[in-house]
Amino acid sequence: MIRIKSDDEIARMKGAGAVVAAVFEAVAPLMKPGISTGEINRTAHRVIVDAGATPSFLGYGPAEAPFPAATCISIDAEVVHGIPSDSRILEDGMIVSVDVGACLDGYHGDAARTYIIGDVPPRVKELVEVTEEAFWKGLEQALPGKRLGDISSAVQEHCEAHGFGIIRVLTGHGVGAELHESPNLPNYGRRGRGLRLEAGMTLALEPMVTLGSFNVAMTANNWTFETVDGLPASHYENTFVITDDKPVVLTMRS
Ligand code: MG
């Protein structure tokens with residue numbers, strides 16, 4: 001079931017999204033060689049709690065093995081759901097995605113950024129840039145009367161035009177009172193296909209893009225996905241609301 005949000009619900013989601021935006025403002029200056037992903041996570045967690053919100057990801061998942069941190073921090077070939085650790089230290093030449101969810105007043109915001117640490121090869125820099133561009137290409141299609149496939153195909157076409165891979169088995173999603181709601185929002189698809197978009201739909205669009213093959217596999221910790229070929233992957237995400245006019249991103253400062 002697709003939950004169309006009221007103005008009051010959207011206002012709450014804007015509040016949650018502002019907390020997520022504040023997390024990125026706090027962690028961006030830390031993304032340098034020498035810091036551990038555990039420390040980055042603690043900073044993020046503190047910003048969320050200080051704002052009166054709760055971290056959406058901490059404790060998410062199966063009761064016997066819930067996700068253990070406020071953020072997912074994924075390095076290089078790790079695509080998503082990397083587990084922060086004090087023994088994981090950022091180094092020059094890495095790309096590092098930080099994925100953050102915050103819940104405020106019963107509603108979630110969900111977003112991710114990929115940071116370049118020091119110097120990376122031009123093609124890896126391009127990967128990170130194209131991943132963010134793909135989000136905006138997809139967002140342009142998020143208008144009432146369009147279809148989900150219009151967003152998905154715009155993301156796919158932009159990434160493939162640059163020769164990058166679009167991951168199939170991981171998708172964006174509806175977001176609201178639940179962190180993950182219907183529908184799934186794939187990063188590949190066909191123009192004119194799929195669910196018709198309506199004002200009040202709140203979605204997280206999150207291109208996950210690879211330098212090489214788009215095939216990924218679960219790692220031994222049962223959370224983190226990695227590229228099968230070991231080449232880097234990039235991730236960029238925002239929560240947004242479809243309106244009668246242009247879509248509004250909720251996880252950035254306006
Ligand atoms: Mg998400």
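A few points about this structure:
- Options G118, G93, G82: the member that is surrounded by fewer than 24 Cβ atoms within 10 Å (Cβ to Cβ) and in contact (Cβ under 8 Å) with a residue 40 or more places away in the chain: G118
- Listed here are the strands (runs of 3 or more DSSP E) enclosed by segment 56-164 that have at least 2 residues being touching a helix residue (DSSP H, G or I) at 6+ places or on another chain (Cβ under 6 Å) and not small (G, A, S): 71-75, 95-104, 107-116.
For every residue, the table says whether it meets (1) surrounded by fewer than 19 Cβ atoms within 10 Å (Cβ to Cβ); (2) among the hydroxyl-bearing types (S, T, Y).
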residue: L127; (1), (2): no, no
residue: E133; (1), (2): yes, no
residue: W136; (1), (2): yes, no
residue: Q141; (1), (2): no, no
residue: P144; (1), (2): yes, no
residue: S152; (1), (2): no, yes
residue: E157; (1), (2): yes, no
residue: E160; (1), (2): yes, no
residue: F164; (1), (2): no, no
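- Screening the candidates L231, L211, L195 for the property of being buried (at least 19 other Cβ atoms within 10 Å of the Cβ) and modelled with pLDDT of 95 or more yields one hit, L211.
- Any chance G109 is within 16 Å of the ligand (Cβ to nearest atom) and surrounded by 24 or more Cβ atoms within 10 Å (Cβ to Cβ): yes
- Between G212, G200, G163, the distinction of being more than 18 Å from the chain's Cα centre (by Cα) and either within 15 Å of the ligand (Cβ to nearest atom) or within 24 Å of H108 (Cα to Cα) (or both) belongs to G200 only.
- Any hit, segment 34-45, residues being outside any helix (DSSP H, G or I) and surrounded by 16 or more Cβ atoms within 10 Å (Cβ to Cβ): yes
The values are calculated or read from the model by the stated rules, or taken from the named source; none is laboratory data. Not measured: the values here are computed from a predicted model. Neighbour counts run over all protein chains shown; Cβ positions are idealised from the backbone, glycine included.
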